[in-house]
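Accompanying notes for the structure given below.
The values are calculated or read from the model by the stated rules, or taken from the named source; none is laboratory data. Fair warning: this is a prediction, and the values are worked out from it, not measured in the lab. Quick reminder, even Gly has a Cβ in these numbers, built from the backbone with ideal geometry, and neighbours come from all protein chains shown.
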Amino acid sequence: MTYQFVHIETYARKPKAVKGSADHYNNTVQVFGEARRVPKYSTHVKDPASPHEFGGNLTLAELERKHDKLAASAVETVRKRTGATYSRRLSENAPTLYTEIHSHPATIIELRENQDNCEQKVKNWFSLALSHFRKRMPKGIDWCAVTHVDESHVHFHILAINTPDPKLRANLLHVGKRASTEHIADKDETAPFTIPRPKRSPKPAKPRKPHAAKKATTRQRNEAQYQQDLKIWRQARRRIEEEDAARLAEWRADKAQYLEAARKAYKRRHNKKTAYRVAMEKFQDDYFEHVGKPCGLLRDGPRGQRLSTKEAAARKATAESQQKRERQLKQRQQHIAEQQQALSSAQNRINYVLSLMNEITRRWEKVDRPLSRNEILSIAQSPVVKQLRHQLGDKSAEVKLLKSFLEVMARGVAAVEGSKAGLAREAELAKPVQQPIRSDQSHDDEIEYNEPDFPSPF
């Protein structure tokens, strides 16, 4: 069991650099070209093959022509700050093409070598994924589905354009970007509350300068009193300003701390990235319930690093080289294991035959007479020997060994029986003959001995 993989993205007509790559760009022309396996946009594939189109209301070529025509003729209305509006052509930075990539854990090699087992699973996965796509998409869109068989795993692409929308906004088909846009439109625009600025303390009024008196002594006394009152006023004013400055500094520190916490809380409540992530997680969960789980796929995988096409191709080449070395090593190990297994199997078979021969010997060793032909034939035709011959074959070394063993026993019985016949014949010849011996018969004639014909147990 392995994990599901589905990736959705939107593209604009203007080339955009792929994040993390210095020389790789994506746009609608590149996406259509890669789907059609144009050599310029298929450098990541070793042997590009023609795509197979199997779904949608338009072919891939028709969809591309319609997209280019609608994007070139689309007009958007822009509103100025003054409230006035004007029309202009659709910006090339606007995403107008929506795509999906669905990948299955089965490889192309597995599908070709094991069609009976894999083909039905892949067809079921295709059907569920396309059904789930049609349920998610709004009515009226134009789309097509293509699959490629020139890469490692079974996968297919879905390309769609939002035809009912005058601006062809592909972001409205993307669940994550649509949730982010709706969040920005619906979020609370009220700024976070702040700590009120402290009010300054009232300052004492400045002493008035005394009027000029007629007498000089009076003027001196009034001036001295004024200077003393002015000094007291300045001290009081300085003390109040210092107190106000201290309260203001404390307020600024509290305000900075409060606003920092308020901004973080505000971002948590009104962060478009959070809305995007939540919507995408919900999309993956929904895809798992309708496609992944019925196909026996896991919800989460290794969460690997996302790479550009060129970076993925480079790493893939390195992985293929390493995989080739590992495959060769595995083949050598498998060959050694097969040889060891064959040797072990041959040893087990020999041990079995030897144990069978030992059992035959043990069974008949207590019999104090030679075995008869019928007894040896009964051993050769026993169920155990028949099963051995059926499993190993008459030409196997083990059966030949058992055959030789029984034939040796058979020859031994034949020799014993032949010896008995020879002794009996000698006894007959040793008896006195009443008839006269003919002149043509010699006493030196040798006794003719013919070994009895004993059929082979096999």
Original post:
Assuming ALA179 fulfils every condition listed in (1) assigned to a helix (DSSP H, G or I); (2) assigned by TED's automatic domain parsing to the domain that holds ALA106; (3) of a type outside the set (D, E, K, R) apart from one, which condition is it?
Top reply: (2)
Original post:
How many of the residues making up segment 9-48 are touching an Asp or Glu at 6+ places or on another chain (Cβ under 7 Å), closer than 21 Å to THR96 by Cα and surrounded by fewer than 18 Cβ atoms within 10 Å (Cβ to Cβ)?
Top reply: 1
**OP:** Pairs only if they're at least six apart or on different chains, beta carbon under 7 angstrom, first in segment 104-128 and without any contact (Cβ under 8 Å) to a residue 60 or more places away in the chain and under 17 Å from HIS148 (Cα atoms), second among the β-branched types (Val, Ile, Thr) and surrounded by fewer than 16 Cβ atoms within 10 Å (Cβ to Cβ); list them, first residue then second.
**Re:** ILE108/VAL149
**OP:** Answer yes or no as to whether ASP142 is closer than 22 Å to ALA35 by Cβ, surrounded by 12 or more Cβ atoms within 10 Å (Cβ to Cβ), acidic (Asp, Glu) and touching a strand residue (DSSP E or B) at 6+ places or on another chain (Cβ under 6 Å).
**Re:** yes
**OP:** Check segment 81-100 and report whether any residue there is in contact (Cβ under 8 Å) with a residue 60 or more places away in the chain, under 28 Å from GLN120 (Cα atoms) and in the same structural domain as GLY140 (by TED's automatic domain parsing).
**Re:** yes
Original post:
Failed condition for GLU250, given (1) out of contact with any Phe, Trp or Tyr (no Cβ under 6 Å at 6 or more places or on another chain); (2) surrounded by 14 or more Cβ atoms within 10 Å (Cβ to Cβ), with all others met?
Top reply: (2)
Subject >> In segment 1-56, residue modelled with the lowest pLDDT [restricted to those that are touching a helix residue (DSSP H, G or I) at 6+ places or on another chain (Cβ under 8 Å) and of a type in the set (Asp, Glu)] >> reply: ASP23
**OP:** Determine whether THR181 is under 27 Å from VAL6 (Cβ atoms), surrounded by fewer than 18 Cβ atoms within 10 Å (Cβ to Cβ), modelled with pLDDT under 90 and of a type in the set (Ser, Thr, Tyr).
**Re:** yes
Original post:
In segment 118-135, which residues are more than 22 Å from GLU64 (Cα to Cα) and exposed (fewer than 15 other Cβ atoms within 10 Å of the Cβ)?
Top reply: GLU119, GLN120, LYS123, ASN124, SER127, SER131, LYS135
**OP:** Those residues that are acidic (Asp, Glu) and under 25 Å from the mean Cα position of the chain (by Cα), I need them from segment 1-34; list them, please.
**Re:** GLU9, GLU34
